[in-house]
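What follows is a short report on a single structure.
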Amino acid sequence: MQKVCVITGGSSGIGLSIAQLFVQKNYQVFNLDLTPSAVGVFKQCDVSNTQQVTKIITEIAKEHTIDVLVSNAGIHYSGNIENTTEADFDKVFSINVKGAYTAVKAVLPSMKASNKGAIILMASDQALVAKQNSFAYNLSKASLASMAKTTALDYARYNIRANAVCPGTIETPLYHKAINNYCEKSGENKAQVHSEEAALQPLNRLGQPEEVAELVYFLASDKATFITGSLQVIDGGYTAQ
Ligand code: NAD
């Protein structure tokens, strides 16, 4: 029977590569995103809207057993604690953390009923090490690492595995947006900043979304049946320093 993967934020960057790989591996993919994509079955959804997420996933679960959830939708925000407004803080948390909480909660009844399931939360290397001027984002990604661990413990009895993936700097539209914002504010040259960013990674390059997709696919597969509650770093060696 065709396996089912629900992904959030599958229309761009890392999420798009994941959706493409799962489709290629013959999964039925449901993509909950703000912006449409031709890959998988698109479901228009704002992950910060609890009712929308719950309704869409509950409807999918009426027709299908959900094998995999990839909670990937996320936004970046630059700012230290003082210049992060309450509204900015709430926005980052409502998408990055509450969005994941709602999606995980919504897939659990289907996974519990089938006594299996794989949940992958897209955290970041910033779950493990802080980066400057990234207060709300750092905090949100550390929360996802904790969400993976606590979900792994609470649902191990149902054979449901939960892991967090912690990518380093990956070349996606989000990355380019963050660099553009930085250069606009600092007046620095984008090509220069880009090569400096690559030089920060021990492998001397940025990661590609396809590389993260391969890790997510492995974690969802039957080759990873003893892996749960883990933080999987994929960062070109950045956090080994
Ligand atoms: P991206 O901006 O290219 O893609 C993000 C996707 O999420 C988009 O399709 C966007 O429409 C969707 N999205 C955003 N807000 C949403 C919302 N409220 N509801 C539904 N969908 C929404 O970003 P990316 O770089 O591919 O990042 C994907 C994930 O990986 C994010 O959680 C990000 O924090 C994480 N991450 C990225 C990097 C990196 O360097 N690019 C590193 C570590 C972790």
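Annotations for the structure displayed:
- Enumeration of residues in region 166-189 that are open to solvent by 20 Å² or more (accessible area, probe 1.4 Å) and within 9 Å of the ligand (Cβ to nearest atom): THR169, GLU171, PRO173, LEU174, HIS176, LYS177, ALA178
- Listed by first and then second residue, the pairs linking a residue in region 136-159 that is free of Cβ contacts under 8 Å to residues at least 24 places away in the same chain to a residue that is hydrophobic (A, V, I, L, M, F, W, C), with Cβ atoms under 7 Å apart and 6 or more places separating them unless they lie on different chains, are ASN138/ALA130; ALA142/ALA127.
- Unique residue being modelled with pLDDT under 95 and either farther than 25 Å from ALA19 by Cβ or not charged (D, E, K, R) (or both) when the list is LYS177, LYS185: LYS185
- Residue check for ILE81: more than 14 Å from the ligand (Cβ to nearest atom) and β-branched (Val, Ile, Thr): yes
- Output for region 171-204, where each listed residue is polar (S, T, N, Q) and under 21 Å from VAL233 (Cα atoms): THR172, GLN201, ASN204
- Within region 185-192, not a single residue is in the same structural domain as LEU21 (by TED's automatic domain parsing) and closer than 24 Å to SER78 by Cβ.
- Filter pass, ILE119 being among the hydrophobic types (A, V, I, L, M, F, W, C), within 14 Å of the ligand (Cβ to nearest atom) and under 23 Å from ALA162 (Cβ atoms): no
- Considering residues of region 49-78 that are open to solvent by less than 30 Å² (accessible area, probe 1.4 Å) and polar (S, T, N, Q) only, the residue farthest from the ligand (Cβ to nearest atom): SER71
- In region 2-28, the residue that is nearest to HIS176 (Cα to Cα) out of those that are away from the ligand (no atom under 16 Å from the Cβ) and touching a residue at least 60 places away in the same chain (Cβ under 8 Å) is LYS25.
- Some residue of region 101-112 being near the ligand (Cβ under 8 Å from one of its atoms) and out of contact with any Pro (no Cβ under 7 Å at 6 or more places or on another chain): no
- Any hit, region 103-110, residues being open to solvent by less than 30 Å² (accessible area, probe 1.4 Å), within 23 Å of LYS25 (Cβ to Cβ) and touching a residue at least 60 places away in the same chain (Cβ under 8 Å): yes
- Residue tally, condition under 12 Å from GLN232 (Cβ atoms) and either open to solvent by 10 Å² or more (accessible area, probe 1.4 Å) or not assigned by TED's automatic domain parsing to the domain that holds VAL216 (or both), over region 123-160: 2
- Condition check for SER195: part of a helix (DSSP H, G or I), within 14 Å of TYR77 (Cα to Cα) and polar (S, T, N, Q): no
- Selected residue (only one of LEU219, LEU200 is within 14 Å of the ligand (Cβ to nearest atom), in contact (Cβ under 8 Å) with a residue 24 or more places away in the chain and among the aliphatic types (A, V, I, L, M)): LEU200
The values are calculated or read from the model by the stated rules, or taken from the named source; none is laboratory data. Note that the coordinates shown come from a computational prediction; the quantities given were computed from them, not determined experimentally. Virtual Cβ from ideal backbone geometry, glycine too; neighbours counted across all protein chains shown. These accessible areas exclude ligands, DNA and RNA; they are computed on the full protein's heavy atoms, side chains included. Shrake-Rupley method; radii C 1.70, N 1.55, O 1.52, S 1.80 Å.
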